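The values are calculated or read from the model by the stated rules, or taken from the named source; none is laboratory data. Here the structure is a predicted model, which is why all the values come from computation and not from measurement. Neighbour counts are summed over all protein chains in view; Cβ atoms, including those assigned to glycine, are modelled from backbone coordinates with ideal geometry. Protein only, heavy atoms only, side chains kept; ligands, DNA and RNA dropped before computing areas. Shrake-Rupley method; radii C 1.70, N 1.55, O 1.52, S 1.80 Å.
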Amino acid sequence: LSEPCQPPNDYCPIADALKSRAAISCEHIHITESGGTKYCEIQVAPIFAFDGSINHVIHVSRDITERKVAEKALQTFAEQQESNNILLIAQAEELEEAHQELKESQSRILQQDKMASIGQLAAGVAHEINNPMGFIISNLNTLDKYMQKLAEYDGIQTAQLSDQAQEDVRVQRKRLKIDYMLEDIPELLSESLDGADRVKKIVQ
């Protein structure tokens, strides 16, 4: 290292290599006298004699500060990218949700326009039905009054006839079913008025 440094803890890789009789590789963080931080890669390997005893130890220390800084920067970049990806995914989901809401709003507006058009059409049809129904109801009421007067007039006229004429009229009335019609016409008019009134209520 370019500056004197002190170990950060009591760990000794040489003692570990001697104890385990195996090569040791580790990393240490060293604080320099100027207060800086340096990363070191330490490799220790025992050298064995012919009798199996350890008579030497190879100790290599390499400054890996630049590599560690680069790894840290890469890790920070990767974390930032991951954060950006999460943000982009959230924004995409929000856009999709907003797009779906917009489609639903457009669908509701279209449905409202259709309903408004149907309402206008229904109002127009109702108006067109209402007018003739008013004429029909008015005419049926008038016809009912006319029939009452005609029935009254028929009774008065028949009473003025002679006995023979009344007999002849009775035969013709029976053949033509005049009495049945005079009884049935008011009921027909009443049913027609009731039906016309129902149609008017439905339109309203």
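List of remarks:
- Hull shadow area, averaged, the chain [alpha-carbon convex hull, nm²]: 31.9 nm²
- Sparse-neighbour loop sites [GluC sites (Glu not before Pro); segment 29-132; at most 14 other C-beta within 10 Å; DSSP]: Glu33
- Whole-Å distance, taken between Cα centres, linking segment 10-58 and segment 92-167: 105 Å
- For the chain, relative contact order (Cα pairs under 8 Å, six or more residues apart, normalised by length) works out to 12 percent.
- Among the listed pairs Lys177/Lys201; Lys103/Lys201; Lys149/Lys200; Lys174/Lys200; Lys19/Lys72; Lys145/Lys174, a Cα-Cα separation exceeding 31 Å is found for Lys177/Lys201; Lys103/Lys201; Lys174/Lys200; Lys19/Lys72.
- Global geometry of segment 35-79, whether rounded, prolate or oblate, following the gyration tensor of its Cα atoms and the 1.5 cut on a/c: prolate
- Of the residues Val69, Ser34, Leu88, the one whose Cα sits farthest towards the positive end of the charge dipole of the chain is Leu88 (charges of +1 on Lys and Arg Cβ, -1 on Asp and Glu Cβ, taken about the Cα centre).
- ³J(HN,Hα), Karplus 6.51/-1.76/1.60, whole Hz, each residue of segment 146-158, x for Gly, Pro: 4, 5, 4, 5, 5, 5, 5, 5, 4, x, 5, 5, 5
- Overall form of segment 78-120 per C-alpha gyration tensor (a/c, 1.5; a/b vs b/c): prolate
- Given their separation in residues at 0.36 nm each and the Cα-Cα distance between them, Gln43 and Ile156 gain 26.5 nm when the chain is fully extended.
- Solvent-accessible area, 1.4 Å probe, carbon plus sulfur percent, for the chain: 57 percent
- Rh by Kirkwood over Cα pairs, then Stokes-Einstein D for segment 112-204 at 1.306 mPa s and 10 °C, µm²/s: 96 µm²/s
- The charge dipole of segment 1-117, taken about its Cα centre with unit charges on the Cβ of Lys, Arg, Asp and Glu (plus for the first two, minus for the last two), comes to roughly 340 debye.
- Per residue, segment 48-204 exposes 82 Å² of accessible surface when a 1.4 Å probe is rolled over the protein heavy atoms with every protein chain present.
- Over the residues of the chain, the helix contribution to mean residue ellipticity at 222 nm works out to -25500 deg cm²/dmol, using -39500 (n - 2.57) for each DSSP H run of at least 4.
- Cα gyration tensor shape of segment 66-163, rounded if a/c is under 1.5, else prolate or oblate by comparing a/b with b/c: prolate
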